[in-house]
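What follows is a short report on a single structure.
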Amino acid sequence: MHRSLGLVLPAYDPDTDRLARYVDALHETLALETIRVELDAPDERTRSAVADLPVEVHSVPYRRGKGAAITAGFESLDTDVRCFLDADGSTPAHAAEEIIARVGDGLAVGSRRHPDANVVGHQTVARRFLGDGFAWVARRLLAADLYDYQCGAKAITATAWADVRDHLYEPGFAWDIELVAMTAALGYEVREVPIEWEDAPGSTVDPLRTAVDMGRALVAARHRAKRVTNSRLHDALAAGREEPVALIEREEQ
């Protein structure tokens, strides 16, 4: 059965030459309805370069964060499957194809830490240590038992997205863990797909700050997931607290 596919590339200060090569590879490999670049705080040079690519472009003059950008992109699509990939091209087009093929009726998650994954290049010791530690903790707190929760390559069906979209609050890198947690809590299958992955230079991620943010987000995601599954304890913990505003309801999207 053919299912239409839309792809979102969230981008902040991207290497536009690398992005152009990646877009070409994606068009050559995937049967795409559209590629949409969600561009945060671009300068004129970046805006002009991206405008010349065979993609739809939505840019904002401020930095929304990865999660907010992907959410806006997914909301704009009307395809049967919605996929996002980091714009640095760390996930090759053929690996993205494998993720999309495994989406089933729920969510497919690319995995760099799976024993069958092929990682080209190496993260710093600090990033690798923090990533491994985070995954170890997440496996013990969430319903989805994965090797890798944070890889920037995931695909979700339109049906699953329609259910999970109201439960996403994290605008930054923590969005990945929230997406996995809430999709699993809502009863959808989460499939982990070992991929080839190339560590791209010039990351905009601060490992220590990200670790702190991710730890906070993991606790919050567990709490929200438990509430979705009608946990009396977590409902009681939330009583009297002001509910946060979901990403889809924020005007800055």
Contact list please: Cβ distance under 8 Å, first residue in the stretch 195-223 and over 16 Å from D88 (Cα atoms) and modelled with pLDDT under 90, second residue hydroxyl-bearing (S, T, Y) and surrounded by fewer than 16 Cβ atoms within 10 Å (Cβ to Cβ), pairs at least six apart or on different chains. P207/T124
Name the residues in the stretch 24-43 that are of a type in the set (A, V, I, L, M, F, W, C) and within 21 Å of A108 (Cα to Cα), would you? A25, L26, L30, A31, L32, I35, V37
Residue check, D116 against (1) acidic (D, E); (2) assigned to a loop (DSSP other than H, G, I, E, B); (3) under 16 Å from the mean Cα position of the chain (by Cα), all met but one. Which one? (3)
In the stretch 118-138, is there at least one residue being surrounded by 23 or more Cβ atoms within 10 Å (Cβ to Cβ), more than 19 Å from R216 (Cα to Cα) and touching a residue at least 12 places away in the same chain (Cβ under 8 Å)? no
Odd one out for V103, checked against (1) assigned to a loop (DSSP other than H, G, I, E, B); (2) within 16 Å of the chain's Cα centre (by Cα); (3) within 23 Å of Y12 (Cα to Cα): (3)
Out of the residues in the stretch 1-41 meeting the condition of being surrounded by fewer than 17 Cβ atoms within 10 Å (Cβ to Cβ) and basic (K, R), tell me which one is farthest from Y62 (Cα to Cα). R3
Is one or more of the residues making up the stretch 167-178 at negative phi, free of Cβ contacts under 8 Å to residues at least 12 places away in the same chain and surrounded by fewer than 21 Cβ atoms within 10 Å (Cβ to Cβ)? no
Filtered residues of the stretch 139-166 (kept if within 16 Å of V103 (Cβ to Cβ) and exposed (fewer than 15 other Cβ atoms within 10 Å of the Cβ)): T159, A162
Has the stretch 42-52 got any residue that is buried (at least 18 other Cβ atoms within 10 Å of the Cβ), over 14 Å from G89 (Cβ atoms) and touching a Lys or Arg at 6+ places or on another chain (Cβ under 8 Å)? no
For the stretch 222-243, which residues satisfy the criterion of being exposed (fewer than 12 other Cβ atoms within 10 Å of the Cβ), of a type outside the set (A, V, I, L, M) and not in a helix (DSSP H, G or I)? N230, G240, R241, E242, E243
In the stretch 59-80, what count of residues is obtained for those that are over 13 Å from the mean Cα position of the chain (by Cα), surrounded by fewer than 21 Cβ atoms within 10 Å (Cβ to Cβ) and either at pLDDT below 95 or farther than 20 Å from Y22 by Cα (or both)? 9
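The values are calculated or read from the model by the stated rules, or taken from the named source; none is laboratory data. Computed from a predicted structure; not experimentally measured. Please note: Cβ atoms are built from the backbone with ideal geometry, for glycine as well, and neighbour counts cover all protein chains shown.
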